[in-house]
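Trainee: Take this structure, written in structure tokens, and hold onto it; I'll ask about it next.
The values are calculated or read from the model by the stated rules, or taken from the named source; none is laboratory data. Nothing here was measured: the structure is a model prediction, and the numbers come from that model. Here Cβ is always computed from backbone atoms with ideal geometry, including for glycine, and neighbour counts include all displayed protein chains. When the accessible area is computed, the model is the full protein with side chains, heavy atoms only, and any ligands, DNA or RNA have been set aside. Shrake-Rupley method; radii C 1.70, N 1.55, O 1.52, S 1.80 Å.
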Amino acid sequence: MDLTPYVDNLRHELAVAADAGGDEARALAERLTAPLESATRLTLLNALSAAMSEVTRELAPGSVDVRLRGLDPEFVVTPPPAPEPFLEAQVPVAASAAPAPPSPPADADDGAMARINFRLPAHLKARAEDAAAAEGLSVNGWLVRAVSTALDGGERLSPPGRGKESGGRGFTGWVR
């Protein structure tokens, strides 16, 4: 990003303001603009750095960095990492007390992602984090799996005779 037009614009505005004060003010403004150029560039860099810090907070875990190349800043955008694919842990059937949760249907993973803001009480967030950590998943991966299972109706997790097909009322889920 070239800062020269912005510095030149400030110099011009100072000259216009000095014209109202007469010849002495105009001469003083001309003498001050050259030494103020570096201070002006530094102030603009500080403002840009602060703005990119705010952008980075909104982009997290991605970031935007400001780098200085010569006299002008350069922006370096680091996008958030791509979500990790869902990998089920390989647990022997004999060691598992509950059936493994269903994997998402093959046609459901078209690669497109949508972002939502999700608010939940702090005690549920802590429980979700604990459950995800226990299964070696990110919280996002764990929530995606939980939502997928809930939308499937949990039918694949229901014991025989307890699911929708039998007309009975049952509960599905995980127990510790």
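Trainee: I need the full set of residues from the range 21-73 which are of a type in the set (Gly, Ala, Ser) and either over 21 Å from Asn9 (Cα atoms) or under 25 Å from the mean Cα position of the chain (by Cα) (or both), in order please.
Mentor: Once the filter is applied, which keeps residues that are of a type in the set (Gly, Ala, Ser) and either over 21 Å from Asn9 (Cα atoms) or under 25 Å from the mean Cα position of the chain (by Cα) (or both), the range 21-73 yields Ala47, Ser49, Ala50, Ala51, Ser53, Ala60, Gly62, Ser63.
Trainee: Report, by residue number, each residue of the range 108-149 that is of a type in the set (A, V, I, L, M) and open to solvent by 100 Å² or more (accessible area, probe 1.4 Å).
Mentor: Met113, Ile116
Trainee: Within the range 38-84, which residues are in a helix (DSSP H, G or I), open to solvent by less than 60 Å² (accessible area, probe 1.4 Å) and under 14 Å from Asp2 (Cα atoms)?
Mentor: Once the filter is applied, which keeps residues that are in a helix (DSSP H, G or I), open to solvent by less than 60 Å² (accessible area, probe 1.4 Å) and under 14 Å from Asp2 (Cα atoms), the range 38-84 yields Thr40, Arg41, Leu44, Leu45, Leu48.
Trainee: Regarding the range 153-168, can at least one residue be identified that is surrounded by 13 or more Cβ atoms within 10 Å (Cβ to Cβ) and modelled with pLDDT of 80 or more?
Mentor: So far as the range 153-168 goes, no, none of its residues is surrounded by 13 or more Cβ atoms within 10 Å (Cβ to Cβ) and modelled with pLDDT of 80 or more.
Trainee: Still on this model: Go through the range 43-72 and count every residue that is within 30 Å of Ser138 (Cα to Cα), out of contact with any helix residue (DSSP H, G or I) (no Cβ under 9 Å at 6 or more places or on another chain) and among the hydroxyl-bearing types (Ser, Thr, Tyr).
Mentor: 2
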